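Have a look at the structure below, then the notes.
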Amino acid sequence: MPTLTKLYTMQEASQHNTKDDCWIVIDGKVYDVTSYLDEHPGGDDVVLESTGNILANNESPKWPAANDLLEGKDATDDFEDAGHSKSAKELLQSFCIGELDTSSPIIPELEISSKREAVKYSEKLMDLTKQYWTIPVAIVGISV
């Protein structure tokens, strides 16, 4: 019989990105590691950075669009690249609070304009051109 676990979206997980409330997403599972931050051998900064919170130390943004990146981050690669031991992986399981909801897209879908809207845009452009034809003619007339 399957175990029922709570589902969280990446957006929900990304809201827990501080030292007082820290969730990470690894291999499609959501972990609340808040109580482990002080004990983490690599320091709490490493874990907080894995949440996608680049402002973990109350620093100024590292690049102009930094606030746009606070949407959450899958920490699987960071976790695997660190070379965690088997016991560390087993310890991680004790912090599991649910799974990542993969039915909702991580990136919102873009609205695609229809051909009809493109026709409306070109019609508006033509109307504006007809309205303001006198300005370019006056500029040419003055410059000659």
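The values are calculated or read from the model by the stated rules, or taken from the named source; none is laboratory data. Owing to the predicted nature of the structure, the values given are computational and were not obtained by experimental measurement. When we count neighbours, we look across all protein chains shown, and the Cβ atoms used for this are built from the backbone with ideal geometry, even at glycine. To get the accessible areas, we keep the full protein, side chains included, count just its heavy atoms, and leave off ligands, DNA and RNA. Shrake-Rupley method; radii C 1.70, N 1.55, O 1.52, S 1.80 Å.
Summary table
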quantity: Scope the range 1-49; condition part of a helix (DSSP H, G or I) and within 16 Å of F95 (Cα to Cα); matching residues; calculated: A13, T34, S35, Y36, L37, D38, E39, D44, V47, L48
quantity: Hits in the range 86-95 (condition: open to solvent by 60 Å² or more (accessible area, probe 1.4 Å) and either part of a loop (DSSP other than H, G, I, E, B) or of a type in the set (S, T, N, Q) (or both)); calculated: S87, Q93, S94
quantity: Residue match in the range 33-47 (condition: of a type in the set (F, W, Y) and within 19 Å of the chain's Cα centre (by Cα)); calculated: no
quantity: Options G72, G98, G52; residue that is surrounded by 13 or more Cβ atoms within 10 Å (Cβ to Cβ), modelled with pLDDT of 90 or more and within 21 Å of L7 (Cα to Cα); calculated: G98
quantity: Residue match in the range 2-11 (condition: among the hydrophobic types (A, V, I, L, M, F, W, C), modelled with pLDDT under 90, open to solvent by 50 Å² or more (accessible area, probe 1.4 Å) and more than 23 Å from E99 (Cβ to Cβ)); calculated: no
